[in-house]
Structure formats: structure tokens, C-alpha cells
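These notes concern the structure reproduced below.
The values are calculated or read from the model by the stated rules, or taken from the named source; none is laboratory data. Quick caveat: nothing in here was measured; it's all calculated off a predicted structure. Virtual Cβ from ideal backbone geometry, glycine too; neighbours counted across all protein chains shown.
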Amino acid sequence: MSDFKEAWLEKSRIDYFAPFVSLWLACNSWYRSHYSELGVKDRDLINKLKSDFSRRNHLYQRFENCLLGSEKKKRINFKTNLELLYFSLNRANLKPERLIYSCSFEYLLTDYDNKSDSNGYVNIIITPKINKDGSVNKAYKDEVIRLDTKFITSDVKVV
């Protein structure tokens, strides 16, 4: 009987690797063609994606639209998922060997080339002063974006 149990447990495990590889190949193909002038080094292409805030970078535009855009339903859904990611990263306590800190919003690595420098990590979680009515204090209003229960920096170029 235990052989069947082990076999079913093995078959019930979720395979995250195959969907990740498919998405990575699609993303890799897209940014290699989109930024073909940079060559073939993945790190150079990823750094360009992260630092290109022009209209050419459609990913950045979509991110900014989801976070700050006019479609309320899309904006709420995105912010909720972002906060769930925050809690999931903290719970998972992922500590890659190459990084100084665990993967989290408190230690967000904005430039992978600075992974060995503690100054290369940014805390995007903000704790603003909250008024009695639950609103953000006027002094912090322009500095934060409210997810659900958490607040992040309003500098979308860092996020």
C-alpha cells in the first residue's frame, strides 16, 4: 500500500521548473530582439530593461500602469499580488549564495553588479505616519504607494 502512496505523492508535486523555462525562453527571445544592439549577454540585456524608463520599454510602461494607472480593478489586483509577494518572500526566506541578504522588499537588489556591496540593496517598504482616520499623513502622501496593509516607495524607478 505504501508504494501507491509514494507514487501518488510524487505525481502530486507541482512542477514549477517547466513553466519557468517556457516563460524564461519567451522573455529571453523578446528582449534579445528588442535590444539587439546590446549583444547577447543576458546581464547587459536585463540591466537595460531595468534602467530604460523610455517609451521603448513596454514592460516598464505596463508595470507603471498597473501600479499607478487609471484602471482601478487592475491597480487593486496588482497591488494585492505585490503585497502577497512581499509576504511570500518573507515566509520563504530565500537566501541565494551570491547575495548578501535574503530576497525581500527590505533588501531589494536594484543592480546585480553590486550584489556584494550592502549599499546596493534598497528598502522599498516605508512606514508612514497614519492619521486617525486611516489615511496617510500629508507629509508622506507623495512618498508612498499603499498596497493593502503595506506601503512602498513611490519611486517606481526603484521598485
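Is it the case that T80 is at pLDDT 90 or above, more than 25 Å from N47 (Cα to Cα) and surrounded by fewer than 16 Cβ atoms within 10 Å (Cβ to Cβ)? Judged against the criteria, T80 is a match. Here L84, L59 are screened, and the one residue that is farther than 20 Å from C27 by Cβ, without any contact (Cβ under 8 Å) to a residue 40 or more places away in the chain and outside any loop (DSSP other than H, G, I, E, B) is L84. Assigned to a strand (DSSP E or B), surrounded by 14 or more Cβ atoms within 10 Å (Cβ to Cβ) and modelled with pLDDT of 85 or more: does that describe I145? The answer is yes for I145.
Taking region 104-134 only, how many residues are among the small types (G, A, S), loosely packed, with under 11 Cβ neighbours inside 10 Å and within 27 Å of N65 (Cβ to Cβ)? Of the residues in that region, 1 qualify. Kindly establish whether L38 is under 25 Å from D111 (Cβ atoms) and either of a type in the set (S, T, Y) or within 17 Å of the chain's Cα centre (by Cα) (or both). When the stated conditions are applied, L38 does not pass them. Scanning region 17-47 for residues that are touching a residue at least 60 places away in the same chain (Cβ under 8 Å) and polar (S, T, N, Q) yields one hit, N47.
Total residues in region 68-81 satisfying the condition of being hydroxyl-bearing (S, T, Y) and either on the phi > 0 side of the Ramachandran plot or not in a helix (DSSP H, G or I) (or both): the figure is 1. Could you say which residue among P96, P128 is in contact with a strand residue (DSSP E or B) (Cβ under 6 Å, 6 or more places away or on another chain) and either of a type outside the set (D, E, K, R) or not in a helix (DSSP H, G or I) (or both)? Just a single option satisfies the conditions, and that option is P128.
Within region 141-157, residues that are under 13 Å from R75 (Cβ atoms) sit with their Cβ atoms under 7 Å from residues that are in a strand (DSSP E or B), at 6+ positions apart or across chains, in these pairs: I145/F151; I145/I152; R146/V136.
Condition check ((1) free of Cβ contacts under 8 Å to residues at least 12 places away in the same chain; (2) under 15 Å from the mean Cα position of the chain (by Cα)) across all residues:
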site	(1), (2)
F63	no, yes
G69	yes, no
N77	yes, yes
K95	yes, no
E106	no, yes
S116	no, no
I125	no, yes
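Output yes when any residue across region 132-141 is over 16 Å from the mean Cα position of the chain (by Cα), of a type in the set (A, V, I, L, M, F, W, C) and not in a helix (DSSP H, G or I), and no when none is. Scanning region 132-141, I find at least one residue that is over 16 Å from the mean Cα position of the chain (by Cα), of a type in the set (A, V, I, L, M, F, W, C) and not in a helix (DSSP H, G or I), so the answer is yes. Looking at this structure, is L45 surrounded by 15 or more Cβ atoms within 10 Å (Cβ to Cβ), assigned by TED's automatic domain parsing to the domain that holds V158, under 20 Å from the mean Cα position of the chain (by Cα) and not in a loop (DSSP other than H, G, I, E, B)? Here the answer is no, as L45 does not meet what is asked.
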